[in-house]
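The values are calculated or read from the model by the stated rules, or taken from the named source; none is laboratory data. Computed from a prediction, not measured in an experiment: that's the story for all the values here. Neighbour counts are summed over all protein chains in view; Cβ atoms, including those assigned to glycine, are modelled from backbone coordinates with ideal geometry.
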Amino acid sequence: MENVLTIKGLNKRYGKQQALHDVDLTIAKGDIYGLVGRNGAGKTTLLKAIVQLIQPTGGSLQLFGVEGGKAYTQMLKRVGNVIETPVAYDQLTAKQNLNYYCKISGVVEPDAVSKALSFVGLTNVGNKKYRDFSLGMKQKLGLAIALLNQPDFLILDEPINGLDPVAIVEFRELLLRLNQERGMTILISSHILEELYLVATRFGVISEGRLIKEMTKHEFELMAKRFIQLEVDDVATTSRLLDSQLISEYKVVSDHKIHIYQENVLIRDLVRQLVYEGIAIDRISFEGENLESYFKELVTSEGGK
């Protein structure tokens, strides 16, 4: 699969402060990549390095297979971004702001403004000035600005920060439409893991400037799923027993431990079968944790230091 973005060994230093530490990250075409980390973890610094708002101290970035120089800058024309807060003029309407951005960005398509306004749901705001917009409307206008050049790759920095629940749902639906209807690759940063989980297909966890974990949506789902933890003296025989009982959703995690994810398993029947087969049970329990707990454990572990 084609990679839209490939980052290797990226570093950024401000004086004595190391903001990014040897970050390796790959985003494939069609991904919705959720970059999650606490405030100050390095998310915005990384996004700024991608779009050349800052220059990294070391490492390499490839955008659509192109690395460095004028060729990389040229590829940025295929990227739309909203980093930190949307930049618009208070005294202008949504349409006037978009017309201004068309002029400075060289967007010449006649319908670019109307299409962008329609897509984000700002067609009917009329002569209302940007200064009078709600936070949700401002975020939508920022997205509309980023979409003017019909980008292949969209980068959004904390786009749901401060939005009310209804606005969050609307914004999430817009992102899914961009990905599913237009095939757009999206990189979205947030400190709210539960929201990223609802939209992203892949995740990267950043802490203190280090990318400490990457995983797919499926891997995340397994982590959030409740499971039966078996601690037994004979994993091999237990595995064969599970197979014979048509219990296929399980994972051997150590010499004496198995996780069973299948939901229709009755513990009393399982214990009866294990005892019948002469398998010693040291422990059996329900386990599992929510995503926020997993995230907190990651960023406070040795890997996050």
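Quick one: what pairs do we get from region 177-197, first residue farther than 16 Å from E158 by Cβ and in the same structural domain as L163 (by TED's automatic domain parsing), second modelled with pLDDT of 90 or more and assigned to a strand (DSSP E or B), C-beta under 7 Å, 6+ apart or different chains?
L178/L154; L178/I186; N179/I32; N179/I186; M184/L154; T185/V4; T185/I27; T185/F153
Need a quick list: helices (runs of 4 or more DSSP H) entirely within region 44-155 having at least 1 residues that are of a type in the set (A, V, I, L, M, F, W, C) and under 30 Å from G204 (Cα atoms).
Helices (runs of 4 or more DSSP H) meeting the threshold: 69-75, 112-120, 135-147.
Listed here are the residues, each with its yes/no results for (1) under 31 Å from the mean Cα position of the chain (by Cα); (2) closer than 30 Å to Y197 by Cβ; (3) surrounded by 11 or more Cβ atoms within 10 Å (Cβ to Cβ).
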site: R226; (1), (2), (3): yes, yes, no
site: D234; (1), (2), (3): no, no, yes
site: S239; (1), (2), (3): no, no, yes
site: S244; (1), (2), (3): no, no, no
site: Y261; (1), (2), (3): yes, yes, yes
site: N264; (1), (2), (3): no, yes, no
site: I267; (1), (2), (3): no, yes, yes
site: V275; (1), (2), (3): no, no, yes
site: I279; (1), (2), (3): no, no, yes
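Scan G40, G9, G34 and give me the residue that is surrounded by 20 or more Cβ atoms within 10 Å (Cβ to Cβ) and not in a helix (DSSP H, G or I).
G34
Within region 113-144, restricting attention to residues that are of a type in the set (K, R) and either surrounded by 13 or more Cβ atoms within 10 Å (Cβ to Cβ) or not assigned by TED's automatic domain parsing to the domain that holds G162 (or both), which residue is farthest from Q91 (Cα to Cα)?
Among residues in region 113-144 that are of a type in the set (K, R) and either surrounded by 13 or more Cβ atoms within 10 Å (Cβ to Cβ) or not assigned by TED's automatic domain parsing to the domain that holds G162 (or both), the one farthest from Q91 (Cα to Cα) is K115.
Is it the case that some residue within region 227-245 is among the charged types (D, E, K, R) and either at positive phi or in contact with a helix residue (DSSP H, G or I) (Cβ under 7 Å, 6 or more places away or on another chain) (or both)?
Scanning region 227-245, I find no residue that is among the charged types (D, E, K, R) and either at positive phi or in contact with a helix residue (DSSP H, G or I) (Cβ under 7 Å, 6 or more places away or on another chain) (or both), so the answer is no.
In this structure, does V51 turn out to be surrounded by 14 or more Cβ atoms within 10 Å (Cβ to Cβ) and modelled with pLDDT under 95?
no
With the requirement that a residue be without any contact (Cβ under 8 Å) to a residue 60 or more places away in the chain and either hydrophobic (A, V, I, L, M, F, W, C) or outside any strand (DSSP E or B) (or both), what does region 15-31 give you?
G15, K16
Within region 252-267, how many residues are among the charged types (D, E, K, R) and modelled with pLDDT of 90 or more?
Of the residues in that region, 2 qualify.
Among what's in region 64-81 and is free of Cβ contacts under 8 Å to residues at least 60 places away in the same chain and among the hydrophobic types (A, V, I, L, M, F, W, C), pick the residue that is nearest to G9 (Cα to Cα).
So the residue we want is V66.
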